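The values are calculated or read from the model by the stated rules, or taken from the named source; none is laboratory data. Since the model is a prediction, treat every value here as computed from it, not as a measurement. Here Cβ is always computed from backbone atoms with ideal geometry, including for glycine, and neighbour counts include all displayed protein chains. We work out accessible area using only protein heavy atoms, side chains counted, and drop any ligands, DNA or RNA first. Shrake-Rupley method; radii C 1.70, N 1.55, O 1.52, S 1.80 Å.
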Amino acid sequence: MKKTCMIISGPTASGKTALAIELAKQYNTQIISADSRQCYKELNIGVAKPSPEQLKEVHHYFIDAFSIHENVDARVFEKYALDAVNEIFKNHDVAVMVGGTGLYIKAFCEGMDEIPEIPAEIENWVKSQYSAYGIQWLKEEIKNQDPLYFAEGEMENPHRMMRALQIKLHTGISIRKFQTSKKINRPFEIRNHIVSLPKNLLHDRINQRVDDMMVEGLLDEVKSLWSYRHLNALQTVSYRQLFQYLEGHISLEQAIDDIKKNTRHYAKRQVTWFKKYQNYNLF
């Protein structure tokens, strides 16, 4: 049998984790997570990490592999995931990858493009403007400067948004163009499977998941990370809104509503991303 990596992707809260675990058990193999937030060992409830019981059922690569003090991006994931899949293939014909970070999955499947180094003055200017004027300024700049990234990129992740703006200002080219220009043929078969749910059901699952997270202790988790709120890894949905609550800018009710709303927006962008795959099967 040809070595094969089966990829289970789709929007957040669509049931990918449980499906991937059942698939891995069926093939008696292991899982590589393709989630840009679950790789941080300090984050748990707010990133919907698989439960300890699920992690015991099947070994997961990439989960808890890094600290929030480390910078992890698609290039780091590409190298990590290729090493992991080769390790799995030593003893198994099939590997399973699961996650909703489209750029990470694309990097694994097709490779990463070389992106020019950004001059320090541009990098520092974007960071200073974001620090002074916040994410709304960043969104407006990207909308004006790089409408392609505005339409397709992660617009709730300030770190990636600043990177996109820096590249556009330096090169005049959208980072999305760099991300789509070349493809590497991997020496194993890749089978893409996308989990698809009706919009209303997906939204209900997202809203329920956020409520469950609060019951499980998300607010206490965020409080424990207060000292690190400036780190890139924590500039993300769930954590950012609850930091705003703890800073006194919004009520707890508003923070929870914002988490639900931003998570739904993120899921919509994930659906748009994964629909662009030409060769995939729907679950």
Excluding residues fewer than 8 positions from Lys16 in its own chain, the aspartates and glutamates with Cα under 17 Å of it are Asp35, Glu53, Glu57, Asp204
Output ordering of 52-59, 107-114, 166-173 (per-residue mean of other Cβ within 10 Å, highest first) is 107-114, 166-173, 52-59
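Normalised by the residues of region 126-283, what does the relative contact order come to in percent, with Cα pairs under 8 Å and at least six apart? Intermediate results must be reported in sequence, preceding the final value.
Values: 114 pairs, mean separation 41.4, N = 158.
Reported relative contact order: 26 percent.
Rounded to the nearest 500, what is the 222 nm mean residue ellipticity of the chain from helices alone, with -39500 (n - 2.57) per DSSP H run of 4+ residues and division by all residues? Please report the intermediate quantities before stating the final value.
On the way: 12 runs with 149 residues, N = 283.
So the helix-based figure for the chain works out to -16500 deg cm²/dmol.
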Per residue convex hull volume, Cα only, region 159-283, in Å³ is 173
The extension gain from Glu140 to Lys275, computed as 0.36 nm times the residue separation minus the Cα-Cα distance, is 46.0 nm
Placing each pseudo-label 7 Å from Cα in the direction of the beta carbon, Lys127 and Phe188 end up separated by a distance in nanometres of 3.7
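To the nearest 0.05, how large is the calculated FRET efficiency for Lys177 and Asn71 if R₀ is 22 Å and r is the Cβ-Cβ distance?
Values: r = 23 Å, r/R0 = 1.04.
Calculated value: 0.45.
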Treating only Lys and Arg (+1) and Asp and Glu (-1) as charged, each at its beta carbon, one finds that the chain has a dipole about its Cα centre, in Debye to the nearest 20, of 900
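Rounded to the nearest 20 Debye, what is the dipole magnitude of region 30-100 about its Cα centre when Lys and Arg each give +1 and Asp and Glu each give -1 at the C-beta?
Numbers: 7 positive and 11 negative charges, 10 e Å.
With only Lys, Arg, Asp and Glu charged at Cβ, the dipole is about 40 debye.
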From the cross-link list Lys56/Lys79; Lys139/Lys268; Lys177/Lys268; Lys56/Lys260, the entries with a Cα-Cα span beyond 23 Å are Lys56/Lys79; Lys56/Lys260
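How much of the accessible area of the chain, in percent, comes from carbon and sulfur atoms when a 1.4 Å probe is used? Show your work: numbers first, answer last.
On the way: 6680 of 14000 Å².
Reported share for carbon and sulfur atoms: 48 percent.
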Length gained if Ser196 through His59 is fully extended, taking 0.36 nm per residue and subtracting the Cα-Cα distance, is 46.8 nm
Placing +1 on each Lys and Arg Cβ and -1 on each Asp and Glu Cβ in the chain, then taking the dipole about the Cα centre, the residue among Ile135, Leu148, Leu202 whose Cα reaches farthest towards the positive end is Leu148
Taking R0 as 25 Å and r as the Cβ-Cβ distance between Glu253 and His170, the FRET efficiency 1/(1 + (r/R0)^6), rounded to the nearest 0.05, comes to 0.05
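How big is the dipole moment of region 32-160 about its Cα centre under a simple scheme where the beta carbon of each Lys and Arg is +1, that of each Asp and Glu is -1, and everything else is neutral? Debye, nearest 20, please. Intermediate results must be reported in sequence, preceding the final value.
Details: 12 positive and 23 negative charges, 71 e Å.
It comes to approximately 340 debye.
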